[in-house]
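Below: the structure, in structure tokens.
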Amino acid sequence: MTAAATPAVSPASTGGQPGVRLARSRRNAELSLLLLAMVLVAAYGAMVEAKVLDTVTADFWIPAAALAAVFLGLHLVIRFLAPYADPALLPAVALLNGLGVGFLRRLDLGAAAPAEREELAIFAGTGGRQLAWTLVSVILAAGLLALMRDHRSISRYAYTLGLAGIVLVMIPAVLPGRFSEINGAKLWIRVGGFSIQPGEFAKLALLVFFAYYLVRKREVLSLASRRILGIDFPRGRDLGPVVVVWLISLLVLVFEKDLGTSLLYFGMFVVTLYIATERVSWLLIGLVLFFGGAYLAYVLGSTVGGPFANFYLRAEIWLDPFADPYKDGYQLVQGLLALGTGGLFGAGPGGGQPGLLPEVQNDFIFAGIGEEIGLFGLSALLVVYLLIVERGLRAALAVRDSFGKLLAGGLAFTLGLQVFVIVGGISKLIPLTGQTTPFLSAGGSSLMANWLLVAVLLRVSDGARRPVAGGGGKADRPSGGPPEQLHGAPTEVIRP
């Protein structure tokens, strides 16, 4: 992936201080979009109350106002610490997060006794806890922006983060099931009433390591051995890193019993490898390795059982959920029925029956929302996710250093792949997984990790969009990172 050459911004041509005006314009646009997002969240809350309570209480606006205060605080942090950051990222994520809090409160209202619904406290139940987790997550994102003034500075800790990521991935696999297993997937650390999903943070740490490693090895990994059907394939000696990550992903699939996490880690590495080398052959090799490993696990699960049995059961449910619709296939069947009942326009906010869906607040929140907002509403949500991914990829294209390109590109793809795994599972495109829907599902681990992901994208986009200072030829960017290397500099081909 190469950066397009960007002409220097001339103060004389723009009437003086163009960088300040550009930053102010972007932050004002961000503020306007953020306020619009919070209006939509408040309107959603009002429609839920009108349907569930047959009235709209005087306090319907309080959750949206609390969220607006939290997000406005982050907006002010961005205005001062990352003034050139992409103005669409924060409003898009805030909209998804706000709708997630609104739907979780809708679940609380539906679960309460009819006589107690109007008196249900705004900050009670799952919706109230999610609001608190939102505050914590946004504070972490703001803190990361304050500490990481240059995205290149985290490359200094790449190996430490890589080791930490592997440890976080393996902890649930080695713990007894009572401390780590929920719904057949060993993804958690559970102690008393506290639980955390370490894999959500591991993906960020591993991605930093992948980006740093591939920047250093990109020349070697780009070498071709032979050309087959017009595609240059790498040398056999260079397959080592891919095979190692594939084996780790296969171990995750077997011992943590989760296809989604395995696909997420391996796909994340293969795509960053493709971005680094621009060779389609790496994608083809990655697909063959992953699907070959998944098929091997399925065959072994049907014959020897053991650690492969859970994956075999999930695959069998995926192939025919209606074979046992009241037991093993119940969750997937109810999800499909919810999506079918919603139709094109849905039953309206508060008009569905999400209580029939097991784990609707986590794994199946997309199906529960889909019943109420229909195909058009779900399509709109997917467009918002697509916007976030596109903005992340745009930052990767525009940033000037190779590490930033791989980091932002990998983060954007990881978010998109996680959404695909979730939507694919509930729509029967792939087997069900234990993944959560980013920014919508209940739980602090996913929310904190994904807000940290957004903070990194904001920092990279700030570095990419920061204008070039006039006269000196140096970028007006934050200091503190490692010096620019020649292999990370933009290039331009000049043709006669």
Item checked: Contact order relative to length of the chain, as percent, for alpha carbon pairs under 8 angstrom and 6 or more apart -> 23
Check: Whose amide H sits under 5 Å from the amide H of Lys186, counting only residues 5 or more places off or on another chain, with H placed in the peptide plane?
Finding: Lys257
Next item on the list: Pick out, from Val244, Leu168, Gly346, the residue whose Cα sits farthest towards the positive end of the charge dipole of the chain, with +1 on the Cβ of Lys and Arg and -1 on the Cβ of Asp and Glu.
Entry: Val244
Checklist line | Under the Karplus curve 6.51 cos²θ - 1.76 cosθ + 1.60, θ = phi - 60°, whole-Hz ³J(HN,Hα) for the stretch 322-336, x wherever Gly or Pro sits | finding: 7, 5, 9, x, 10, 9, 5, x, 4, 5, 5, 4, 5, x, 5
Margin query: For the ranges 263-274, 148-159, what's the packing order if you count other beta-carbon atoms within 10 Å of each residue, average per peptide, and put the highest first?
Written below: 263-274, 148-159
Next item on the list: Using +1 at the Cβ of each Lys and Arg and -1 at the Cβ of each Asp and Glu in the chain, identify which of Leu458, Gln361, Pro234 lies farthest towards the dipole's positive end.
Entry: Pro234
Next item on the list: Using a 10 Å cut-off on Cβ atoms, rank the peptides 54-64, 382-392 from the highest mean neighbour count down.
Entry: 382-392, 54-64
Checklist line | Environment charge of Leu53, counting only residues whose C-beta is closer than 10 Å and scoring Lys/Arg +1, Asp/Glu -1 | finding: -1
Item checked: Dimensions (Å) - the stretch 99-197, Cα atoms, principal axes, largest first -> 57, 39, 20
Margin query: At 0.36 nm per residue, and after removing the present C-alpha to C-alpha distance, how many nm does the segment from Leu387 to Leu344 gain when stretched out fully?
Written below: 13.3 nm
Next item on the list: Using only the C-alpha atoms of the stretch 152-291, find the volume of their convex hull and express it per residue in Å³.
Entry: 105
Notebook entry, point to check: Picking from Leu135, Ala58, Trp318, whose Cα lies most toward the positive end of the charge dipole for the chain (charges on Cβ: Lys, Arg +1; Asp, Glu -1)?
Noted result: Leu135
Next item on the list: Go ahead and run the numbers for FRET between Phe123 and Leu53, Cβ-Cβ distance against an R0 of 25 Å, rounding to 0.05.
Entry: 0.90
Next item on the list: Taking a cut-off of 16 Å between Cα atoms, list the lysines near Lys217, but don't count ones fewer than 8 places away on the same chain.
Entry: Lys405
Notebook entry, point to check: If you average the sequence gap of Cα pairs under 8 Å that are 6 or more apart and divide by the length of the stretch 356-429, what percent do you get for the contact order?
Noted result: 27
Next item on the list: Mind checking which lysines have their Cα closer than 16 Å to the Cα of Lys257? Skip sequence neighbours fewer than 8 apart in that chain.
Entry: Lys186
Margin query: Could you tell me the relative contact order of the stretch 152-291? Use alpha-carbon pairs under 8 Å, at least six residues apart, and round to a whole percent.
Written below: 23
Margin query: Are there any GluC sites (Glu not before Pro) in the stretch 20-122 that are in a DSSP loop and have at most 14 other Cβ atoms within 10 Å? List them by number.
Written below: Glu119
Note to self: Just to check I understand the Karplus step: with θ = phi - 60° and J = 6.51 cos²θ - 1.76 cosθ + 1.60, what whole-Hz values come out for the stretch 357-366, glycine and proline as x?
What the structure shows: 8, x, 6, 5, 6, 10, 4, 10, 5, 5
Notebook entry, point to check: Could you give me the ³J(HN,Hα) list for the stretch 131-141, computed from phi with Karplus coefficients 6.51, -1.76, 1.60 and θ = phi - 60°, whole Hz, x at Gly and Pro?
Noted result: 5, 5, 5, 4, 4, 4, 5, 5, 5, 5, 4
Notebook entry, point to check: In terms of modelled amide H atoms, which long-range or inter-chain residues lie less than 5 Å from the amide H of Glu118?
Noted result: none
Notebook entry, point to check: Roughly how many debye, to the nearest 20, is the charge dipole of the chain about its Cα centre, given +1 on each Lys and Arg Cβ, -1 on each Asp and Glu Cβ, and no other charges?
Noted result: 1960
Next item on the list: Please work out the C-alpha center-to-center distance from the stretch 81-99 to the stretch 318-375 and express it in whole Å.
Entry: 29
Check: What net charge is computed for the residues neighbouring Leu89, neighbours being all others with C-beta under 15 Å from the C-beta of Leu89, Lys and Arg scored +1, Asp and Glu -1?
Finding: +3
Margin query: Starting from 0.36 nm per residue, how many nanometres of slack lie between Lys217 and Leu40 once their C-alpha separation is accounted for?
Written below: 59.1 nm
Item checked: Val243/Arg178 FRET efficiency (R0 25 Å; Cβ-Cβ; nearest 0.05) -> 0.15
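Each reported figure results from applying straightforward, stated rules to the coordinates on display, with no laboratory input. Only a predicted model underlies this, so the values are computations on that prediction, with no experimental measurement involved. Methodologically, a virtual Cβ is constructed for each residue, glycine included, from the backbone with ideal geometry; neighbour enumeration extends over all protein chains shown.
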